[in-house]
Amino acid sequence: MRILVVDDHAVVREGLHRILARLPDPVETGEAANAAEALHLLGTRSWDAVLLDIALPGRSGIDVLKQLARVEGAPPVLVLSSFPEEQYAVRLLRAGAMGYLNKEAAPDQLLTAIRIVTSGRRYISNRLAAELAASLGADWNRPTHTTLSDREFMVLRLLASGRTISEIARQASLSVKTVSTYRSRLLEKLGLNNTVELITYAVKNNMVD
């Protein structure tokens with residue numbers, strides 16, 4: 001079995017390698033620290049699964065996920081992130097992920113998730129199942145930020161983490177003008193007046209790592 005680990009922290013990648021070695025079948029692991037490396041390896045070798053963090057430098061893991069979703073025969077992606085399930089999981093499943101797991105999960109839970117997604121099934125934790133069930137309720141009960149586009153959501157999270165518009169532009173490979181436009185859209189959609197209120201909103205809704 002070949003599994004590609006995509007995470008910008010070397011310590012995390014090493015820890016995942018050790019956990020994956022506990023799978024019953026022999027495992028060959030590859031690693032990438034950013035989206036460019038991941039897409040290169042995905043284009044040059046075949047993989048049985050991808051463990052993907054979404055908070056990558058430069059292009060985000062969401063960009064990798066969306067690109068893979070357009071490729072026929074692409075390996076299943078299990079997103080492994082430190083962000084809360086209730087904020088990201090449903091959005092990422094809709095984008096093409098086969099599962100979502102928080103980095104605080106136990107190693108055995110990760111191994112179970114790997115076995116499930118490599119068998120062609122979606123992995124959904126009990127907590128996520130409850131969130132999905134709740135999302136089937138009336139739309140007027142949904143928080144406003146759940147209606148944001150993926151790019152708007154990313155810009156909001158980066159603004160809330162203290163990034164300037166110029167820093168976000170560099171990290172996301174966007175122009176400063178485009179990021180400013182996203183900021184304006186966020187203010188309009190969320191009914192807020194300035195960046196301070198955006199940050200307050202994001203912190204209140206657990207959108208900051």
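Bear in mind that the values in this text are calculations on the coordinates, not laboratory data. Since this is a predicted model, take the numbers as computed values, not measurements. When we count neighbours, we look across all protein chains shown, and the Cβ atoms used for this are built from the backbone with ideal geometry, even at glycine.
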GNM of the chain, Cα pairs under 10 angstrom: of Glu152, Glu188, Glu85, the biggest fluctuation goes to Glu188
With +1 at each Lys and Arg Cβ and -1 at each Asp and Glu Cβ, the charge dipole magnitude of the chain around its Cα centre, to the nearest 20 debye, comes out at 400
So the angle from the long Cα axis of helix 195-204 to the longest Cα principal axis of the chain, reported in degrees to the nearest 10, equals 50
In degrees rounded to 10, the 0-90 angle between helix 126-135 Cα long axis and the longest Cα principal axis of the chain is 40
Convex hull around the C-alpha positions of the range 42-83: the volume in Å³ per residue is 73
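Express in nm, to one decimal, how much length is gained between Val203 and Val176 on full extension, taking 0.36 nm for each residue of separation and deducting their alpha carbon distance. Don't jump to the answer; show the numbers that get you there.
Details: separation 27, 0.36 × 27 = 9.72 nm, distance 2.38 nm.
Full extension of this stretch gives 7.3 nm more.
Quick check on the chain: helices-only [θ] at 222 nm, where DSSP H runs of length 4 and up contribute -39,500 (n - 2.57) each and the sum goes over total residues. Nearest 500, please.
Details: 10 runs with 107 residues, N = 209.
Computed mean residue ellipticity for the chain: -15500 deg cm²/dmol.
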Taking the dipole of the chain about the Cα centre (Lys, Arg +1; Asp, Glu -1; charges at Cβ), the one of Gly99, Asn34, Thr178 that reaches farthest to the positive side is Thr178
Taking every alpha carbon pair in the range 143-204 and sorting the distances into 10 angstrom bins from 0 up to the bin holding the longest one, the percent per bin comes out as 24, 62, 14
Note: Arg127 to Asn193 extended length (0.36 nm per residue) minus current alpha-carbon separation gives 20.4 nm
Rounded to the nearest whole number, the per residue volume of the convex hull around the C-alpha atoms of the range 66-106 in Å³ is 63
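How far, in nm, would the chain grow between Glu104 and Thr44 when pulled straight, counting 0.36 nm per residue and subtracting the alpha carbon separation? Intermediate results must be reported in sequence, preceding the final value.
Values: separation 60, 0.36 × 60 = 21.60 nm, distance 3.14 nm.
Once the chain is fully extended between Glu104 and Thr44, it gains 18.5 nm.
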quick shape note, the range 25-106: Cα extents on principal axes in Å, largest first -> 34, 29, 24
Here FRET efficiency (C-beta to C-beta, Ala69 to Glu14, R₀ 25 Å, nearest 0.05) is 0.30
Ranked by GNM mean-square fluctuation in the chain (Cα springs under 10 Å), the top entry among Leu158, Leu92, Leu190 is Leu190
Here the chain gives, from Cα atoms, an Rg and Dmax in Å of 17.4, 55
